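Worksheet: the structure to be examined is printed underneath.
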Amino acid sequence: MPVIVTGAITILIGVGGMLAYFWLSNILLDRVFFPAKGENIGRNVRRATAIRPWLFVFPAIFALSLYLVVPVFYSAYLSVTSFASDNLAERGRFANYAAVFSDPEFRIALFNNFLWVLVVPAASTFIGLLAAQLTDRLSWGNIAKSLVFMPMAISFVGASLIWSFVYHPDPEIGILNAIRVTFGAEGGRTFIDGDVIDSLWLMVVLIWIQTGFAMVILSAALRGVPEDTIEAAIVDGANPFQIFFKIKVPQIMPTILVVWTTITILVLKVYDIVAAMGSQYRNVEILPTQMMQSFDSGNYGFATAISIVIMVLVLPVMIWNIRQSRAELR
Amino acid sequence: MADLKLTDVQKVYGGTVKVLSDINLDIKTGELIVFVGPSGCGKSTLLRMIAGLEKITGGTLEIDGQVVNDVPPSQRGIAMVFQSYALYPHMTVYENMAFSLRIAKADAATIDAKVRAAADKLQLTNFLDRLPKALSGGQRQRVAIGRSIVRDPKVYLFDEPLSNLDAALRVATRIEIAQLKEQMPDSTMVYVTHDQVEAMTLATRIVVLAGGGIAQVGTPLDLYERPNSTFVAQFIGSPAMNLLPGRITGTGDVTTLELDAGGGQITSTYPSRDSDMGAAVQVGIRPEDMTATEGDIFAFQGKVEITEALGEVTLLYFQKAAADQDAVIGKLAGIHQGLRGTTVRLTAKPEKVHVFRDGVSLLHRDAPVFLPGVQPH
Ligand SMILES: Nc1ncnc2c1ncn2[C@@H]1O[C@H](COP(=O)(O)OP(=O)(O)OP(=O)(O)O)[C@@H](O)[C@H]1O
Ligand SMILES: [Mg+2]
């Protein structure tokens, strides 16, 4: 069977199955369990109303627990029970964690991850904010916005591929080198070559992708800034810069923080870009790639220990992010 | 400190939508000018053009003899108070008031002195460290006023500053604004409002805007006693002036009138010309100027359909003489009971009877009168 047919059938079964589930479960609830008639009509209606939301969230809860919650616990379990060697196993329950933290590669990965967290969210949010403001009043602003947003639709691996071409050492292929050559450089330069700076070249890819996200959210937030506070600032004598940084940005600070932390969470999980572009170099390693490498070499205990470390790092940001976005909704 | 002069000012949106045209206005230092007019007539637009927030598409605006059409708002020497307060939500009351001075790079001591003086004047001293969201509506509006005071502007612009306040607070804040004006006799103020009482009590002169132009300019009592058109006559005062169709039967320094429907004979102190003899006119009498009478000289006689007893006055709504006419309303002082369903005869003193021919008051026939061509209400 051609792939497209299987794909279509899968979609049909998935969507149709969900529709059938919602329809049938509601019918069961209303006709069989708590029918809106008979002597208990009031009680029945009340119970049906109480149960109905659960019918709707059940598939999501089920899928999430199956694919997220169970693995978390299983990973935690593996990280304290699975050891690469008996030697390691003798050093106690947390031997994997001890090994992780004493591993020099882990330190490099942690440091790189730290750099990613520092640079990417800041750069994406800042550039996104500028793009949002600058495209706001342009007649072709919406076109510009679509262009900036476009990378969001590209998969990380696809984006890595595009940027591998951009960075390509051959001036005939890589646009950066082509530009350098135009301005008199002799021959191409290898951008990703094992230097410490390499991580930055990789970060550019994620910034390129995430700027669109930041721009869209912040653009909506900027539109929400009351026009009259801006007019009041104009009357007060503020110039466009001051209006932007002293009036608009402070008013959308909560949104900026949510965007920032959302990207931070994403950055802590990024894997594909480094795997696709820098897999041969140790110095660009980040936690998820190191984790995957241990997995591939069958060292599950070590890998899951790293994954738990990543989770512990993400968790506080996540909690803060959710709190903040809830507060903003209010 | 500042005269304002508008010459042939015009506003066109997007090249086609003409909102205002031929606005000519001379505002003297120390005046408090109130713009009134039906909703959408361009009051805010005109105010914003004076502020510099809206481009002037035709004519000139002078402040102190200087054309400021292209001068940015902050350099026009104006300050504006917005209907929605427009406080900066992330700044404290102090910072809100200090913002313009900080932008202007004033030194800290000057800023502090000015902010505290303004806060003192507006009883805001205890709230200086609060954020706007922790203030009541009236306090917020005072902060907005304080923000303009610290700039020490030549011209204050207010766009419906009290319309977000509840009735009691509105009265209190109105009085505060009147007192503020008294403390600053040299500053010029332009004030937009929907509220007749605000207009009548605060204004040195009222500008009635309608239909894209100025219907009349004058002191509050001028407009009340000598409206130049039926539009202004009906716009100023509440309930609106009754307009009764009639004919001129006697001319001279005093005009004699005969009313068409259900009416009798009445005289007005409006002078008329010989050529007016027999002309169809509209006779305007304010509800509050009407008195009940048994005599033969009366303006109107009709059946009372509804009465509203308010204690200090009683409102009488008469049966309409014709379907397309407004119901005549009478406002009698004191309490009158049992009038509903009866036929009542109303008259008015000759000096309270206004006469309009083709919509223009007989008193204002020599100067051109702008007829807005829209309904006052
Ligand atoms: N950007 C615009 N483009 C076209 N027309 C506009 C624009 N802004 C305002 N108008 C029109 O200009 C007219 C005057 O508006 P303005 O806000 O000055 O009225 P207003 O007298 O202040 O009314 P209100 O009493 O309701 O505040 C309105 O009819 C409005 O539709
Ligand atoms: Mg308005």
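Assorted remarks:
- Pairs of lysines in the stretch B:242-361 (C-alpha under 16 Å apart; 8 or more residues apart or interchain): 4
- In units of the rule-of-thumb radius 2.2 N^0.38 Å, the stretch A:257-307 shows an alpha carbon radius of gyration of 1.27.
- Stretchable slack from B:Ala113 to B:Ile335, in nm (0.36 nm times residue separation minus alpha-carbon distance): 74.4 nm
- Under the criterion of Cα pairs below 8 Å and six or more residues apart, the relative contact order for the stretch B:264-323 equals 32 percent.
- Stokes-Einstein translational diffusion, the stretch A:96-329 - Kirkwood Rh over all Cα pairs, 0.890 mPa s, 25 °C, in µm²/s: 124 µm²/s
- Relative contact order for chain B, counting Cα pairs under 8 Å that sit 6 or more residues apart, in percent: 15 percent
- Per-residue shielding of B:142-148, expressed as the average number of other chain Cβ atoms within 10 Å of the residue Cβ, stands at 1.
- Residues in the stretch A:174-191 carry Karplus couplings, in order, of x, 5, 4, 5, 4, 5, 4, 5, 4, 8, x, 5, 9, x, x, 10, 8, 7 Hz; the curve used is 6.51 cos²θ - 1.76 cosθ + 1.60 with θ = phi - 60°, and Gly or Pro positions show x.
- Here the Karplus curve 6.51 cos²θ - 1.76 cosθ + 1.60, taken at θ = phi - 60°, turns the phi angles of the stretch A:26-41 into couplings of 5, 5, 4, 4, 7, 9, 9, 7, 10, x, 7, 7, x, 6, 9, 3 Hz, with x standing for Gly and Pro.
- Note: relative contact order over the stretch A:3-57, using C-alpha pairs below 8 Å and six or more positions apart, is 29 percent.
- Residues B:Asp159, A:Asp195 arranged by fewest to most Cβ contacts within 10 Å: A:Asp195, B:Asp159
- Within straight-line reach of A:Lys145, meaning a Cα separation under 20 Å, sit the following aspartates and glutamates at least 8 residues removed in sequence or on another chain: A:Asp136.
- Residues whose placed amide H lies under 5 Å from that of B:Gly58, excluding near-sequence neighbours: B:Gln10
- Listed peptides A:10-19, B:322-331 appear in the order B:322-331, A:10-19 once ranked by packing, highest mean of other Cβ atoms within 10 Å at the front.
- Count of lysine pairs in the stretch B:4-230 with Cα separation under 20 Å (8 or more residues apart, or interchain): 19
- Plainly put, the stretch A:275-330 has a radius of gyration that is 1.19 times its Kirkwood radius, both from alpha-carbon atoms, as the Rg/Rh ratio.
- Bridges between two residues of chain B, per DSSP, are antiparallel at a rate of about 75%.
- Rounded to the nearest 20 debye, dipole of the stretch B:4-230 from Cβ charges on Lys, Arg, Asp, Glu: 460 debye
- Projecting the Cα atoms of B:Gly338, B:Ala109, B:Val197 onto the charge dipole of the protein assembly as shown (Cβ charges, centred on the Cα centre) puts B:Gly338 farthest toward the positive pole.
- Placing one equal scatterer on every Cα of the stretch A:3-57 and applying the Debye formula, the log10 ratio I(q)/I(0) at q = 0.19, 0.32 Å⁻¹ is -0.67, -1.15.
- Estimated inter-spin distance, B:Glu95 and A:Ala178, nm [label 7 Å along Cα→Cβ]: 4.9 nm
- Amide H contacts of B:Ala215 (H built 1.01 Å from N, in plane; Pro and chain starts excluded): B:Val208, B:Leu209, B:Ala210 sit under 5 Å, all sequence-distant by 5 or more or on other chains.
- Selected from B:Gly295, B:Gly218, B:Gly278 as most flexible by GNM, with chain B as the system and alpha-carbon contacts under 10 Å: B:Gly295
- Top of A:Phe73, A:Phe101, A:Phe302 by mean-square fluctuation, Gaussian network on chain A, Cα under 10 Å: A:Phe73
- Compactness index (Cα Rg / 2.2 N^0.38 Å), the stretch B:242-361: 1.05
- Residue of B:Val192, B:Val17, B:Val155 that the Gaussian network model of chain B assigns the largest fluctuation, springs spanning Cα pairs under 10 Å: B:Val17
- 3J(HN,Hα) couplings calculated from phi for the stretch B:333-344 with the Karplus curve 6.51 cos²θ - 1.76 cosθ + 1.60 (θ = phi - 60°) are, in sequence order, 5, x, 9, 10, 10, x, 8, 4, x, 8, 9, 10 Hz; Gly and Pro show x.
- Per-pair calculated FRET efficiency, R0 = 56 Å: A:Arg91 and A:Val32 via Cβ, rounded to 0.05: 0.45
- Computed over the protein assembly as shown, the quotient of the alpha carbon radius of gyration and 2.2 N^0.38 Å is 1.44.
- Each part gets one Cα centre, and for the stretch A:245-314 versus the stretch B:71-110 those centres are 44 Å apart.
- Cα-based Rg / Dmax (Å) for chain B: 24.2, 77
Coordinate-derived values only; no laboratory data. Predicted model only: the values in this text are computed from it and were never measured. Cβ atoms come from the backbone with ideal geometry, glycine included; neighbour counts cover every protein chain shown.
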